[in-house]
Amino acid sequence: MTTPFGQTTAPGAATTAEDAGDRPSHALVIAWSKSQPHRVGEVAFFPLGARLYLGRGDVEVEKFAHFVRQRPGETPAVDPLQGILDGASLSRRQMVVCATGEGLEVEQVGRCRTYVNGQEVSKATLRPGDTVMFRDEVVLLCVSRPRALPALPPGHPLHAFGEPDGDGIVGESPTVWRMRAELARAAGGASHVLIQGESGTGKELAAAVIHHRSSRAKGPFVSRNASAFTSTLIASELFGNPANYPNPGMPARKGLLGTADGGTLFLDEIGDCPLDAQAQLLRVMDRGEYQAVGEAVARRVDVRFVGATNRDETFFRSDFLARFPVRVRLPPLRERREDIPLLARHYLLRHAGESPELRVSARLIDALVRHPLPLNARELHALLDTSPGDELRLPATSTAPPAPRAARDASGSAPPGAPSRADILAWLDREEGKVARVARRLGMERTALYRLMKSYGIDRELPED
């Protein structure tokens, strides 16, 4: 079947006009498969009203959901979910799935035990963020995503599915593909760039991508943490000084600007730079002119500034912020949960030097994709590093299993990227119901968190903060 975007799809991919195109649809992503780790990241879409089976179905039978490798400009069909589970085959019809306006209604019809959000069930209604696990071997994550991804900018080749791209970015979610496109657009311009994102979202890597994909790639890439700048030291640090100044015998220093001439100066944590120090950068950002400490003659440089911050705009001078006309927002992991298994696998391969399938269990992945991870990749790596034993497991204090959605009457709705109901309940339990602490952990205003809790039907009495 061919969609309006000219892509050939598998049976069950897009059978109605309202399900086609870029309208978000409920889908299931393979988050883990012990016997077929190369399948992680594949996705199966479910047309509204259709009843499709999951299992070892015949690829020619349209009543079976098919998993695809969704990439920009292409969506090749793969196979039904096939896997040998500890000597017992996954049933040919393991689960029946029906997409409704509320989510995905699932019912176990095969012999393998089925778990939703860590608890055994026979029926459930899945919403984005929920997980399905088959007998400790296969984990599926419910998501909402468009069926077609926009084409990449020219000169951005596709990498091997599930592997790091040429810039070192890992992920196959629509969110991370949008981020790649934004970074490519930022790299193609000449304006200064401000990268905004929470701790652990990869701001330094993003800055390096912008530099290496820009026309300045052959020039220097100079990186410095701007939070270390002080009003008294920023001039000498940035602008340098001539020989014998301020004391005889002092060598000449180029400063960061002179060192970065012809390239990119990356200032991390720029939101922590003092306001008066920000003022000293205005002239050089505008015209490339500055004066070294102890010199009366202006110097000129050709430098592109890339700043990164997890602060909001109140931490910046308005005239300083205006010098960054290009903004790139890096998404937190809670907006791209289907990438967490790929990130975990890549991290273990890079640091342990062994196949992660030897140590990673389906239960670990099931817990990780539902974990709040407020510090994003930094916290993910810490959890993997501190896991005891031969088989990686989350520490007991880090495990936050939510109640299965099958048992809920009120689910509410939330804006894209908002923490799930499971996340909020887990953090409320962990922080003893103190909403202010949970808001800080999730990077939200307390009033916004209260509104989100109300939309989810979380109305229990909470301790005072």
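The values are calculated or read from the model by the stated rules, or taken from the named source; none is laboratory data. Everything numeric in this text was worked out from a predicted model, so none of it was measured. Every residue, glycine as well, gets a Cβ built from its backbone with ideal geometry; the counts of neighbours run over all protein chains shown. Protein only, heavy atoms only, side chains kept; ligands, DNA and RNA dropped before computing areas. Shrake-Rupley method; radii C 1.70, N 1.55, O 1.52, S 1.80 Å.
Placing pseudo-labels 7 Å out from each Cα toward the beta carbon at Y245 and R446 gives an inter-label distance of 5.1 nm.
Counting heavy atoms of the protein chains only and a 1.4 Å probe, report the per residue accessible area for the stretch 157-276 as a whole number of Å².
Result: 42 Å² per residue.
Taking 25 Å as the straight-line reach from the Cα of K123, the lysines in range (excluding those fewer than 8 positions away in the same chain) are K34, K63.
Accessible surface comparison of L238, L375, probe 1.4 Å, protein chains only, largest first: the order is L375, L238.
Counting only protein chains, not ligands or nucleic acids, how are R92, R334 ordered by accessible area (probe 1.4 Å), most first?
Details: R92 95, R334 45 Å².
I get R92, R334, largest accessible area first.
For the stretch 164-174, backbone phi angles converted through the Karplus equation (6.51, -1.76, 1.60; θ = phi - 60°) give residue-by-residue couplings of x, 7, x, 9, x, 7, 10, x, 10, 6, x Hz, Gly and Pro being listed as x. A compact globular protein would have a Cα radius of gyration near 2.2 N^0.38 Å; the ratio found for the stretch 163-275 is 1.27.
Using only Cα atoms, what is the ratio of the radius of gyration of the stretch 188-247 to 2.2 N^0.38 Å? Intermediate results must be reported in sequence, preceding the final value.
On the way: Rg = 15.2 Å, N = 60, 2.2 N^0.38 = 10.4 Å.
The stretch 188-247 yields a ratio of 1.46.
Computed over protein heavy atoms with a 1.4 angstrom probe, the accessible surface ordering of T447, T232, T201, largest first, is T232, T447, T201.
On a straight-distance basis, which lysines could pair with K434 in a cross-link, Cα separation under 27 angstrom, same-chain partners fewer than 8 positions away excluded? Answer for K434, where 27 Å is the Cα cut-off: K454, listed by chain and number.
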